[in-house]
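Notes to accompany the following structure.
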Amino acid sequence: MNYESELKVAVEAVRKACGLCVRVQSSLVSEETVKKKDDSPVTVADFGAQAVICRELMKSFPDIPIVAEEDSSELKSEGGKALTARILEFAAEVFPGIDEEGLVAAIDAGDYGGGAGGTFWTLDPIDGTKGFLRGEQYAVALALIENGRVVLGVLGCPNLPLDLKQPDGGKGCILTAVKGGGASMRPLDHNTPKRIAVSDIEDTKLAPFCESVESAHSSHGDSARVAGLLGVKAPPIRIDSQCKYAVIARGDASIYLRLPTKKDYVEKIWDHAAGSIIVEEAGGIVTDAYGKTLDFSLGRTLSGNKGIVATNGLIHEKVISAVSEVLGSGTK
Ligand code: AMP
Ligand code: MG
């Protein structure tokens, strides 16, 4: 299968959701709105983006269920009225006339449990909410999973420079991949995809690595120890969200380390499905921190895995050995 129609719809849906996020970010970000928890811009954009994408997917593929991060319980709670009104304002720019019922139905379409059989979408409407709040990197991440394997991924990165070496050049891109069909990138406002590929670095000393900005999401101490073992010279590139997978897929960095900070944290499928297929189709390898294949067949979480390591493929084994040395044999 070439997933042509799924890819077309997914790209358009992600593009519309990115537009909504950009509008929310530019119109609402101020000290006051950021601090107010109930209708902070990130909450408005999170729900708005999920509603837009689920509605588009339901329209084109009514029989494919969706595993998405958010649900409407917060909108229905006391005090949810103001938030709902705010989300509707932005959603109506994409779907004129959308009402509360339509909004809630679209958001709650994302309540599927996932699993080993059949086909479903998985969506993170805003991955990297902390980055969104700081005005830095975040991603809209959508993937299609078939019989437990990711077959298509779309990553919208509204703030990511097209070229990391030219941070003041153009920014905003969509990365895509289809199983067996390679990975591509296009600017957010164009439809001319260009092939992307991972770096060809074989010497780990020359391999730049990236990790979360938030040390609560990935252990900076452990990654510094891994980098030390590998002789990596450059300081870590810290980026929020699945934009880390994007920079590996484009060859800007060669190693992505996500090393556990908590014993009981379980990664979510929507945080890795789109990014992982994009890196793999760009020629890289993605496993967990112990070298295990990511298992997307276990429901809404990656309960069979711990941490993430993504590389250009050429240095994967060396990186996994260094990570094992730092983490020990799987106790974290
Ligand atoms: P990042 O921007 O890469 O730091 O990751 C953002 C994602 O981290 C969010 O979507 C959360 O689902 C996820 N997250 C939250 N807590 C943790 C944790 N303790 N360890 C790893 N990931 C986490
Ligand atoms: Mg996320």
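The values are calculated or read from the model by the stated rules, or taken from the named source; none is laboratory data. Source: prediction; values computed, not measured. Virtual Cβ from ideal backbone geometry, glycine too; neighbours counted across all protein chains shown.
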Next item on the list: Tell me which residues, restricted to region 112-138, are more than 10 Å from ligand 2 (Cβ to nearest atom), under 16 Å from residue 160 (Cα atoms) and at pLDDT 95 or above.
Entry: 137
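Conditions tested, residue by residue: (1) closer than 28 Å to residue 6 by Cα; (2) hydroxyl-bearing (Ser, Thr, Tyr).
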position	(1), (2)
149	yes, no
200	no, no
206	no, no
212	no, yes
Check: Is there any pair linking a residue in region 250-278 that is touching a residue at least 12 places away in the same chain (Cβ under 8 Å) and over 18 Å from residue 157 (Cα atoms) to one that is assigned to a helix (DSSP H, G or I) and hydroxyl-bearing (Ser, Thr, Tyr), with Cβ under 7 Å and at least six apart or on different chains, and which?
Finding: 257/223; 259/223
Note to self: Residues to consider are 88, 144, 57; find the one that is assigned to a strand (DSSP E or B) and more than 16 Å from ligand 2 (Cβ to nearest atom).
What the structure shows: 144
Check: Which condition does residue 223 not pass, out of (1) polar (S, T, N, Q); (2) assigned to a helix (DSSP H, G or I); (3) touching a helix residue (DSSP H, G or I) at 6+ places or on another chain (Cβ under 8 Å), if it passes all the others?
Finding: (3)
Checklist line | Subset of region 91-111 [touching a Leu at 6+ places or on another chain (Cβ under 8 Å) and closer than 16 Å to residue 72 by Cα] | finding: 91, 98, 99, 100, 103, 104, 107, 109, 110
Note to self: Just to check your reading of the model, which residue among 246, 322 is within 17 Å of the chain's Cα centre (by Cα), within 23 Å of residue 230 (Cα to Cα) and not β-branched (Val, Ile, Thr)?
What the structure shows: 246
Next item on the list: Please go through region 234-255 and pick out each residue that is within 9 Å of ligand 1 (Cβ to nearest atom) and either buried (at least 24 other Cβ atoms within 10 Å of the Cβ) or farther than 20 Å from residue 161 by Cα (or both).
Entry: 239, 241, 242, 243, 244
Next item on the list: Tell me, please, whether a residue that is away from ligand 1 (no atom under 16 Å from the Cβ) and out of contact with any strand residue (DSSP E or B) (no Cβ under 7 Å at 6 or more places or on another chain) can be found in region 210-224.
Entry: yes
